Amino acid sequence: MSNLKNNLTWVEINKASLINNIRLFRGLIGRKTILAPCVKANAYGHDMVKTAKIALAAGADWLNVNAVFEAVELRKAGIKSPIYIMGYVMKKDIADAVRLNCRLVAYNKETIAELGKATKRLHKKAIIHLKIETGNNRQGILMGNLMDFVEYVKKFPQITIEGISTHFANIEDISVSEAKRFLKNKNSEKSFQLAAYPLFQLENFRHAIALLKNAGINVPIRHCANSAATMLFPETHFDMVRPGIAFYGLWPSEETKVAFQKMHKGAKLMPVLSWRTRIAQIKNVSAGSYIGYGCTYRAKKNMKIAILPIGYYDGFDRGFSNKGYVLIRGKRAKICGRVCMNIIMVDVTDIPSARVEDTVTLLGKDGREEITADELAEIAGTINYEITTRINEKIPRIVI
């Protein structure tokens, strides 16, 4: 903890909390299923390399990233585990992905053709995972084009189809009980919207697997489960799971949280990330004075404010203006005025012990008080994913 004293603004990564979440997922899926957490987007703001190393040491098997540059960073850090690149790889970067021994998502013939060229030049095999379009309508092979795509891949003997995958559109928005109710009453349009769609996608995925099997094509790794699917629906586990937000101790949705806690009494996710800064100045403001850009906050009484060196450049959302809070000495301090690029102002009138360079908690716990990513997301009108992912990467992440 000593190095925290040298930072003006920093993010703390709680190692014990991350290990707790890893063990929770391993307990859900067992030892035979591959545990492949998503560490893309700087591990949802948690520091990709540091998080990846903790995860692998605690029992994760693979790592999922979105882009080649992320895989490069992991390999440079000495990480040797399988890496699955889930996002689109430009043709110019495909050879680099092959050199790094990465698995690639595949759904374009153009990607396959470039892979074929790269394998010849490098004298290396390439491994791909077919992404099946089952209803999310993002990246993926249309069901009607699957067998034609596979036949095209067969033209390149150096390319191996190792996996088949898909991604759910709304599985985090339903509960197990809703799914069961739908199966009993399929006439309800509302039930269809809430519960049938993941089942519809799962059936499509199984159909794709069957098509390949009937054609004599063995694909050893089938995967479709995100955080919510892994936590609530064992039938989605197949051979590998890809937990994302829940891996970091945050819930994909309130529905997932309620359903999981009913199913697994006593099991809990533990948030991994805390975000802190320091007081840069404390000053008195007279009643009637305006605070900040646009004069959006006017002091109703004489008050004391603290100036904090944090703003929307750092990822502290402008939507927190005049709405959000921070924690100082275990108490809530309201944000006064607009969030600036590098500064916010908070009311410390009722925190007389506050001093310059005191620690300020933007996200996390301080004493009995806590500000969660979900609370901040509600204020800003977004989701908890965005709250942590948008924390500026240049802010140091410190493992505690």
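The values are calculated or read from the model by the stated rules, or taken from the named source; none is laboratory data. The shown structure was predicted, so the numbers you read here are calculated from the model rather than taken from an experiment. Here the Cβ positions follow ideal geometry from the backbone for every residue, glycine too, while neighbour counts run over all protein chains shown. Surface accessibility is based on the protein's heavy atoms, side chains included, excluding ligands, DNA and RNA. Shrake-Rupley method; radii C 1.70, N 1.55, O 1.52, S 1.80 Å.
Quick one: which residue in Gly311, Gly337 is in contact with a Cys (Cβ under 6 Å, 6 or more places away or on another chain), modelled with pLDDT of 95 or more and open to solvent by less than 40 Å² (accessible area, probe 1.4 Å)? Matching residue, one of Gly311, Gly337: Gly311. Applying the criterion of being open to solvent by 40 Å² or more (accessible area, probe 1.4 Å) and free of Cβ contacts under 8 Å to residues at least 24 places away in the same chain to the residues of the stretch 371-385, the residue that is nearest to Arg332 (Cα to Cα) is Glu375. Give the residue that is nearest to Glu386 (Cα to Cα), with candidates limited to residues of the stretch 17-26 that are in contact (Cβ under 8 Å) with a residue 60 or more places away in the chain and either among the small types (Gly, Ala, Ser) or open to solvent by 20 Å² or more (accessible area, probe 1.4 Å) (or both). So, considering only residues that are in contact (Cβ under 8 Å) with a residue 60 or more places away in the chain and either among the small types (Gly, Ala, Ser) or open to solvent by 20 Å² or more (accessible area, probe 1.4 Å) (or both), the one nearest to Glu386 (Cα to Cα) is Ser17. The residue list Val356, Val360 contains one member that is among the hydrophobic types (A, V, I, L, M, F, W, C), over 21 Å from the mean Cα position of the chain (by Cα) and open to solvent by less than 40 Å² (accessible area, probe 1.4 Å), which is Val360. Of all the numbered requirements in (1) at pLDDT 85 or above; (2) open to solvent by less than 70 Å² (accessible area, probe 1.4 Å), Ala179 misses one, and that requirement is (1). Restricting attention to the stretch 353-378, the residues being of a type in the set (A, V, I, L, M) and in contact with an Asp or Glu (Cβ under 8 Å, 6 or more places away or on another chain) number 2.
In this structure, Asn322 does not satisfy being closer than 26 Å to Asp358 by Cβ, part of a loop (DSSP other than H, G, I, E, B), in contact with a helix residue (DSSP H, G or I) (Cβ under 7 Å, 6 or more places away or on another chain) and not charged (D, E, K, R).
Give the residues of the stretch 249-305 that are part of a helix (DSSP H, G or I) and over 30 Å from Arg23 (Cβ atoms), sorted by residue number. So that I can check it myself, show each step before the final result.
Of the residues in the stretch 249-305, the ones part of a helix (DSSP H, G or I) are 254-263, 293-295.
Of everything in the stretch 249-305, those that are part of a helix (DSSP H, G or I) and over 30 Å from Arg23 (Cβ atoms) turn out to be Tyr293, Gly294, Cys295.
The condition of being at pLDDT 95 or above and touching a Phe, Trp or Tyr at 6+ places or on another chain (Cβ under 6 Å) holds for Tyr248.
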